[in-house]
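The values are calculated or read from the model by the stated rules, or taken from the named source; none is laboratory data. Being a predicted model, the structure only gives us computed values, none of them experimental. With ideal geometry, Cβ positions are generated from the backbone for all residues, glycine too; neighbour counts draw on all protein chains shown. With ligands, DNA and RNA removed, areas are computed over all heavy atoms of the protein, side chains included. Shrake-Rupley method; radii C 1.70, N 1.55, O 1.52, S 1.80 Å.
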Amino acid sequence: DKKLGKHCKGYRLTILAKNYQGYKNLIKIVSNSWTDGFYMIPRTDHHDLEKYHEGIIVLSGGVGSEVYSHVVSDDIAGLDAAIKWYQQTFGEDYYLELQRNLMLEQQRVNAVLMQKAKESGVKVVATNDVHYVAPEDLAAYNIQQCYATGKTMDEFAKTDILQFRWLTSRKHMCELFSDVPDAIANTMDIYDKVEFYDIRHAPIVPAISIPDGFGNERREKEDNYLEY
C-alpha cells in the first residue's frame, strides 16, 4: 500500500490476468507502481487494485503477503478485514493460497486460512513459492541473490528457506496436498477462467518532430538527429 504505515515493506500479492482486459489493467497497475507507487521498490495499493480489478484474478500470496502477515502476528481482525476487502473487490476471482515449503510456520497459517475459507466462502488453492526452475538451479540462484543483497555465499547459505522452492511436478503437489483435494482442484478452476488472448502488437513509436538540417531522406534525418 502507498500509505505504508507500520508495514513499510509492503505486502506480496499474486495477480493474474484472465483475459485481454485484465492484461491491460495489469499493465496499468504495474506502470503506476513504478511511478506513483514507487518507494524503494515498485508498489501498488487498494485504490488501483479496485480501479483496475476487471479481468483480474488475485491469489492471496504466500510468505510476506497481507493475510500471511496477519496470521503470524495474530491479527485476526486485520485478517478478516483483508479477506473481506479482496472478496468484495474480486468476488469469486479471489483465492486464499496454501503453501507447504517445509516451514513449520506455514502449518499454522494454512490451518487458519482453511478455517477462514470455510467461514467466508473464499476458495483455497495450492501453490508453490517458485524462485527457480529445477533443484540444480539453487546454486546459481544463491549467487544471484548474493549480488542483490550484498551477502557472501557463507552468509546466504544460512538462509535455507529457499532450497525447496523450485517448479515442482503436478504429482508432487498432489501428494503434498492429498489431504486438501479442493486446493488442487481449484488450480484447474483458475485455469478454466483464463481465456486465450494475443498480446502481440506492432511497435508503437512516438511521433518526433525533426528539425531541418539533419539529412535529406527521412531515415537519414532520423539517424542523424539521434546521433546529434
_Members of Lys24/Lys171; Lys24/Lys193; Lys18/Lys171; Lys24/Lys151; Lys28/Lys84 lying beyond 27 Å, as alpha-carbon distances in this model show_ = Lys24/Lys171; Lys24/Lys151
*Give the label of the value calculated from the structure for P(r) over Cα pairs in 5 Å bins from 0, in percent, choosing from (1) 1, 6, 11, 13, 15, 15, 13, 8, 5, 4, 3, 3, 2, 1, 0; (2) 1, 7, 14, 17, 17, 17, 13, 9, 4, 1, 0; (3) 1, 6, 13, 18, 20, 17, 12, 7, 4, 2, 0.*
(1)
*Potential lengthening between Lys51 and Met153 on full extension [0.36 nm per residue; Cα-Cα distance subtracted]*: 32.4 nm
*Please report the relative contact order for the chain, taking Cα pairs under 8 Å with a sequence separation of at least 6, and give it as a percent rounded to a whole number.*
16
*How big is the accessible area of Ile204 in square angstrom, nearest 10, if you roll a 1.4 angstrom probe over the protein chains?*
140
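Can you give the charge dipole size of the stretch 82-168 about its Cα centre, rounded to the nearest 20 debye, using +1 on the beta carbon of Lys and Arg and -1 on the beta carbon of Asp and Glu?
About 360 debye.
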*Sparse-neighbour loop sites [GluC sites (Glu not before Pro); the stretch 106-214; at most 15 other C-beta within 10 Å; DSSP]*: Glu195
_Label zone at Val30 (point 7 Å along Cα-to-Cβ), backbone N below 19 Å, the stretch 195-209_ = 195-205
*Given a cut-off of under 8 Å on Cα pairs at least six residues apart, what relative contact order in percent is computed for the stretch 73-204?*
24
*Ordering Arg12, Arg170 by how much accessible area each has at a 1.4 Å probe, largest first, what is the list?*
Arg170, Arg12
_the chain, accessible surface, carbon-and-sulfur percent (1.4 angstrom probe)_ = 55
_List the GluC sites (Glu not before Pro) within the stretch 22-84 that DSSP assigns to loop and that have no more than 15 neighbouring Cβ atoms inside 10 Å._
Glu54
*Computed lengthening from Glu195 to Ile41, 0.36 nm per intervening residue step minus Cα-Cα distance*: 52.4 nm
*Across the stretch 134-149, in residue order, what do the Karplus-derived ³J(HN,Hα) couplings come to in whole Hz, using 6.51 cos²θ - 1.76 cosθ + 1.60 with θ = phi - 60° and x for Gly and Pro?*
10, x, 6, 7, 4, 4, 5, 5, 4, 5, 4, 5, 5, 4, 6, 9
*Full-extension gain in nm, Tyr225 to Ala111, via 0.36 nm per residue minus C-alpha separation*: 34.7 nm
*asked:* Suppose accessible area is computed on protein heavy atoms with a 1.4 Å probe; arrange His53, His201, His70 from highest to lowest.
replied: His201, His53, His70
*Can you sort Leu98, Leu104 by 1.4 Å-probe accessible area, starting with the largest?*
Leu104, Leu98
*Kindly write out, for the stretch 191-207 in residue order, the coupling ³J(HN,Hα) from the Karplus curve 6.51 cos²θ - 1.76 cosθ + 1.60 (θ = phi - 60°), rounded to whole Hz, with x marking Gly and Pro.*
4, 5, 7, 7, 8, 7, 8, 9, 9, 5, 7, 4, x, 9, 9, x, 6
*Rounded accessible area per residue of the chain, 1.4 Å, Å²*: 65
